[in-house]
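Take a look at the structure set out below.
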Amino acid sequence: MGKFIPLMNAELTAAGMPEIIIPTVYRIDYIDALKCLTRDGEPATIIRAMERVRLWSSGLDGSDYDALKAYLELCNAFRSEQEYILTFESKKWYYGKEKRNNYSLRRG
């Protein structure tokens, strides 16, 4: 299971697309989706999970460490407790121009 993301990120980078980051709070969802693929031969779950986390990852900008860390904390990215979900704000919020609606990546 551990080689899936590095291989996928290599392909994304080669295509000029942003890499996917699996935050701590999304780890269980990611592993469950991989189990559906490897044990049940069901690719739809991992596709949905990767699309959700791809949308979240594509909005990250590492040029300002403090802003990025604050954004990750806001998104619950560092949380490991199951009662938290990964959330994300629009890029406009990230750059401090305007606060937008909060979107959640729901489990399931």
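Read-outs: derived from the displayed coordinates by stated rules, not from any lab. Here the structure is a predicted model, which means the values were calculated and not measured. Cβ sites come from the backbone with ideal geometry, for glycine too, and all protein chains shown count toward neighbours.
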Q. Amide H to amide H under 5 Å from residue 86: which residues, 5+ apart in sequence or cross-chain, H placed 1.01 Å off N in plane?
A. 105
**Q.** Two-site label geometry, residue 78 and residue 32: point separation in nm, points 7 Å out along Cα→Cβ
**A.** 2.5 nm
Q | Percent breakdown of C-alpha pair distances by 10 Å bin, ordered from the shortest bin, for segment 1-86 | A | 16, 46, 33, 5, 0
